[in-house]
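These notes concern the structure reproduced below.
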Amino acid sequence: MTVAGATLPRAGGVAAEARGAVRLDRLGGAITAIVAVALIFEPFATLRPNRIVSGKGLGLFDALPAAVAAPGVALILAGALIALLRTGPRLRLAGGAAALVGVLVIIGFVPAHVAPAGNPLARVGPGAGFWMLGFAFSLLVADAIAKLELGPAARVAALASAAALVGAILDSGCWSGLSVMKEYATHADSFWQDGARHIELAFGSLAAAVLVGAPLGVACRRSTALSGVTLPVLNIIQTIPSIAMYGLMMAPLGLMAVRFPLLGQLGVRGIGAAPALIALFLYSLLPVAANVLVGLQEIPAEVVEAARGMGMTARQRLWRVELPLAMPVILTGVRIVVVQNIGLVTVAALIGAGGFGEFVFQGLGQSATDLVLLGAVPTVVLAFVAAILFDALIEFMAERRT
Amino acid sequence: MIEIEDVSRYFGPNAAVESLSLTVERGSMVTLVGTSGSGKSTLLRMINRLIEPTSGAIRIEGRDTSTIPGEDLRRGIGYAIQGHGLFPHWTVKRNIATVPNLLKWDAARIDRRVEELLILFGLEPDLHAQKFPHELSGGQQQRVGVARALAAEPSVLLMDEPFGALDPIIRAKAREDLRALQRRLGVTVVLVTHDMEEAIALGDRMAVMDRGRLLQYAAPAEILTRPAPGFVERLVGDSERPFRLLSLTKVGALAEPGEAMGPAISEDASLRDALSELIARGGDSLTVVNGEGAPRGRVALSAILDRAQLAS
């Protein structure tokens with residue numbers, strides 16, 4: 001879409017210029033439409049008497065004092081205008097980022113303005129309008145970054161500055177009146193514990209999958225008989241729904257813990273982290289093993305031939321030539337596993353494994369949307385950050401040789 | 001010296017190479033020529049045991065290769081292949097140092113050797129040592145491939161269609177360079193090619209193979225003048241044959257005393273060059289000069305044509 005928008009209308013664009021017409025950006029049109037709907041029809045924030053009842057929506061000017069709303073809306077409209085016109089990617093990035101920061105900051109002013117004084121139970125949260133504005137300007141920023149064709153280092157730097165910005169907003173206390181942050185305040189201890197557990201489960205199962213899956217992939221490369229058996233089995237494992245998989249783990253692990261008390265003492269039980277780790281490990285095996293196999297298969301035949309002809313042993317070929325050359329493909333598999341695991345760990349909270357899923361399921365149980373968000377938003381952020389970091393790493397490795 | 005004695009290689013019931021014997025003299029260059037599927041690459045790869053012979057023996061400098069572990073054997077033999085096979089994730093320097101590294105040479109010795117080879121192959125060390133293969137031209141990549149094969153100073157160099165990926169103009173230059181280099185280093189070279197021209201131009205002797213068998217093994221001039229009946233005859237017996245024959249002989253060999261009216265030609269040029277010069281200029285003789293430009297006599301059109309007759 002971005003490419004088409006940038007190149008296709010060029011022939012017509014000359015004529016349009018000749019007529020002195022304003023040239024519009026296609027994606028910008030969509031962004032502007034979303035912004036318009038968000039500003040006019042959707043509530044910017046919601047006010048609820050307490051954390052579980054549904055509340056009423058507030059438009060941007062109702063939710064904010066005029067002194068905040070006016071500059072906020074100005075930023076938003078400026079961002080939309082930059083999106084709508086054919087502007088350079090740098091300006092689009094700046095405009096999109098400024099509008100996004102504006103939206104993120106002004107939502108923090110809502111609670112003080114609308115919450116009835118002396119009512120600690122009242123909850124102010126972002127409304128549909130806030131989310132739509134956030135989505136629209138994220139789209140603008142992402143599109144501008146894609147058009148700038150930033151290298152891996154620059155993308156990581158962009159991610160770091162975005163993280164620093166969000167960190168600064170959190171640190172300033174700007175959002176502390178918002179309902180999600182109130183949920184955070186009551187769950188602060190377990191939030192970081194569960195966050196650590198979430199990362200442990202996702203990356204622990206990944207590490208185990210690499211330790212087993214990588215040798216498996218190498219072995220599959222050497223023996224078609226082995227790959228003919230292994231890959232279909234791993235494929236079938238992938239199709240088992242995660243909840244069913246966690247359920248399937250419970251009975252055998254529970255029995256084992258009873259049978260072998262030592263295992264029980266090590267923390268192996270039918271519920272908790274052990275079945276979650278094993279299930280995630282099984283899910284991770286296919287992407288790791290299959291990508292190792294494909295990565296090795298894609299190495300040019302004459303490179304392997306040359307390595308043999310130079311007198312490298314099988315082990316030297318594998319470590320010095322084959323694995324380094326297959327690394328970008330292998331890392332692509334690892335990236336799939338990381339993002340997939342970060343999502344799947346959420347479900348593992350159902351069998352008591354912990355992680356951000358705890359808040360999601362607690363929130364569902366209490367119909368407390370804010371608590372669901374407290375679990376869901378960090379999960380999404382975690383997956384997003386991991387994806388960007390891995391993409392940058394893969395590109396960095398591939399860049400050096402092509 | 002490479003002695004190949006009654007070597008066969010079967011893939012299942014099919015013979016890729018069948019009871020073949022061949023001796024390559026030390027310091028000479030032998031070309032293996034044949035169509036694809038003739039077994040020439042299989043034969044080459046049996047010399048460094050990338051493929052194990054089913055039966056027979058191969059000796060290098062008198063040592064039976066089957067008594068040496070495969071990896072050790074290959075580290076002692078240079079190996080260059082079509083499409084160079086350079087390791088794309090390593091710099092030029094590290095590529096060239098592949099075998100010295102496997103042999104655990106010390107760093108200073110490797111540095112010296114890499115620099116020496118880069119200069120020998122016309123690559124400026126400061127400019128090229130730290131480049132990656134994809135940053136080089138096709139001709140440069142090919143030269144680095146040969147430099148890598150020669151890095152550990154092997155006495156034997158095996159080459160499988162080393163110029164196959166080059167365009168025709170660079171290929172001719174690469175052939176000349178290889179010939180000069182081989183003479184200079186005195187390395188024994190076995191080179192596989194499907195290109196008659198290349199086999200004739202490079203080989204001290206050429207081995208013509210078909211369906212796993214050695215049909216004729218002789219100097220190029222002999223193969224052109226007295227081809228074995230059947231396949232070899234058909235292979236060399238096309239309209240190019242007189243020209244190929246002429247390309248093997250230098251002008252100096254046919255120089256006779258006397259003055260010529262025609263333009264000068266170096267005594268080191270081939271008769272083929274002399275003939276095309278005569279066709280281009282008209283006339284019936286050329287003045288032969290030596291390297292310093294001093295006259296050495298004349299070469300007559302009739303003598304050149306007589307020589308070409310030998311082929312038909």
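Numbers for the structure displayed
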{"quantity": "Kirkwood-based Rg to Rh ratio, the range B:128-284, C-alpha trace", "calculated": "1.03"}
{"quantity": "Helical contribution to [θ] at 222 nm, DSSP H n ≥ 4, -39,500 (n - 2.57), averaged over chain A, rounded to 500", "calculated": "-25000 deg cm²/dmol"}
{"quantity": "Surface/4 estimate of mean projected area, convex hull on alpha-carbon atoms of the range B:141-234, nm²", "calculated": "6.6 nm²"}
{"quantity": "Sequence ranges B:9-19, B:110-120, ranked by mean other-Cβ count within 10 angstrom, highest first", "calculated": "B:110-120, B:9-19"}
{"quantity": "Extension reserve of the residue A:40-residue A:258 stretch, reckoned as 0.36 nm per residue once the Cα distance is removed", "calculated": "72.3 nm"}
{"quantity": "Per residue, the convex hull volume that the Cα atoms of the range A:33-147 enclose (Å³)", "calculated": "89 Å³"}
{"quantity": "Convex hull volume per residue for the protein assembly as shown, taking Cα atoms only, in Å³", "calculated": "260 Å³"}
{"quantity": "Under 26 Å from the Cα of residue A:56 - lysines, other chains or at least 8 residues apart", "calculated": "A:182"}
{"quantity": "Pairs of Lys in chain B closer than 26 Å at Cα, counting only those 8 or more apart or on different chains", "calculated": "7"}
{"quantity": "Separation between Cα centres of the range B:40-61 and the range A:369-402, rounded to whole Å", "calculated": "53 Å"}
{"quantity": "Projected-area average for chain A over all orientations - Cα convex hull basis, square nanometres", "calculated": "26.4 nm²"}
{"quantity": "Mean ellipticity per residue at 222 nm, deg cm²/dmol - from DSSP H runs of n ≥ 4 across chain B, formula -39500 (n - 2.57)", "calculated": "-11000 deg cm²/dmol"}
{"quantity": "Estimated inter-spin distance, residue B:63 and residue B:301, nm [label 7 Å along Cα→Cβ]", "calculated": "5.8 nm"}
{"quantity": "Exposure proxy order (Cβ contacts within 10 Å, fewest to most) of A:56, B:40, B:250", "calculated": "A:56, B:250, B:40"}
{"quantity": "Span from the the range B:259-308 Cα centroid across to the the range A:320-352 one, whole angstrom", "calculated": "73 Å"}
{"quantity": "For the range B:133-149 and the range A:203-261, distance of Cα centres in Å", "calculated": "44 Å"}
{"quantity": "25 °C / 0.890 mPa s Stokes-Einstein diffusion coefficient of the range A:100-155, Kirkwood radius on C-alpha pairs, µm²/s", "calculated": "179 µm²/s"}
{"quantity": "For chain B, built as a Gaussian network whose Cα springs stay under 10 Å, the top-fluctuating residue of B:38, B:276, B:28", "calculated": "B:276"}
{"quantity": "Computed E for residue A:389/residue B:36 - FRET, C-beta separation, R0 51 angstrom, nearest 0.05", "calculated": "0.60"}
{"quantity": "In nm, spacing of pseudo-spin labels at residue A:398 and residue A:192 (7 Å Cα→C-beta vector)", "calculated": "3.8 nm"}
{"quantity": "Extension gain, residue A:301 back to residue A:78 (0.36 nm per residue minus Cα-Cα distance, nm)", "calculated": "74.7 nm"}
{"quantity": "Value of Rg/Rh across the range B:272-312 [Cα atoms, Kirkwood radius]", "calculated": "1.02"}
{"quantity": "Å³ per residue enclosed by the Cα convex hull of chain B", "calculated": "153 Å³"}
{"quantity": "Amide H contacts of residue B:296 (H built 1.01 Å from N, under 5 Å, at least 5 apart or other chain)", "calculated": "B:288, B:289, B:290"}
{"quantity": "Relative pair counts by distance (%), Cα atoms of the range B:176-225, 5 Å bins", "calculated": "4, 18, 29, 25, 14, 7, 2"}
{"quantity": "Size descriptor, Kirkwood hydrodynamic radius, that averages inverse alpha-carbon separations across the range A:239-358, Å", "calculated": "16.7 Å"}
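Each reported figure results from applying straightforward, stated rules to the coordinates on display, with no laboratory input. Owing to the predicted nature of the structure, the values given are computational and were not obtained by experimental measurement. Reconstructed Cβ throughout: ideal geometry from the backbone, glycine too, with neighbour counts over all protein chains shown.
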